[in-house]
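To keep things clear, I will list the structure first and then write my remarks on it.
Nothing in this text is a laboratory measurement; each read-out follows from the coordinates by a stated rule. Just so you know, these numbers come straight off a predicted model, no measurement behind them. Quick reminder, even Gly has a Cβ in these numbers, built from the backbone with ideal geometry, and neighbours come from all protein chains shown.
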Amino acid sequence: MANPTAAMLVIGDEILSGRTRDANMFYLAGELANHGIDLKEVRVVSDDAQAIVTAVTALSGGYDHIFTSGGIGPTHDDITADCIARAFDAPIDVRDDARAILEEHYRQNGRELNAARLRMARIPEGASLIENPVSSAPGFTLRNVHVMAGVPTVFQAMVASVLATIAGGAPLLSQTLRINRGEGEIADGLSAVAKAHPEVSIGCYPFQHNGAFGANVVVRSTDGRQIEAAMSDLASRLEL
């Protein structure tokens, strides 16, 4: 049986402007691979309501799971929750369980749960909360869309909360072979190995070091025996 599939939607003008470097995609890709979920697509959209709704609608219909990051904070430009609700035609309002989490958090920290902070308790109808052990403000899951914060430490904690609740498949394994030859010299051998071992994925990633060309060949599969067979074939064909 094939592994579940996933896509990621990164939301925020700060990413597209280059002001903030996204670290969440790299982290999510690794965690999903370990959990046996295949990340198939990543999109980045601005803080534009129609762009978010369009992307969510398209991605949620094409993959088993959608992970979003960004846009669920207390400020006016945090519009992700409203857009997810709009994408699924779900009402949205402050929810009692989310409010209670925030009230307790701010009480313990001696701060007020003001109107801006209360925006983080607005949850679409029918959604389940995603635990946030870092800063308390919850994310949520609506249908197959998991909506999480953009701050990396919070995002990572929320990913752990989500993955604990969903079934994965076989973890994706990989081996890397460093070859000190240019891609043009090994292309035919790689093609032959890829054709002989269609059950594995083979990627070739060139590098240049001290004026010499080379490539890292990465073989991936959920079956370690298939990786070993492909690696052995590769070494033989390239006379390594």
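Other residues with beta-carbon under 9 Å from the beta-carbon of Ile37 carry, at +1 per Lys or Arg and -1 per Asp or Glu, a net charge of -3. Which of rounded, prolate or oblate describes the chain when judged by the alpha-carbon gyration tensor and an a/c cut-off of 1.5? Judged from the Cα gyration tensor, the chain comes out prolate (a/c at least 1.5, a/b above b/c).
Adding -39500 (n - 2.57) for every DSSP H run of four residues or longer, then dividing by how many residues the chain holds, sets the calculated 222 nm ellipticity at -11500 deg cm²/dmol.
With both partners inside the chain, how many of the DSSP beta bridges are antiparallel, as a percent to the nearest 5?
Values: 25 of 41 bridges.
Close to 60 percent.
Relative to the longest principal axis of the Cα atoms of the chain, the long axis of helix 183-196 lies at roughly 80 degrees.
Dipole magnitude for the stretch 2-134: computed about the Cα centre from +1 point charges on Lys and Arg Cβ and -1 point charges on Asp and Glu Cβ, it is near 200 debye.
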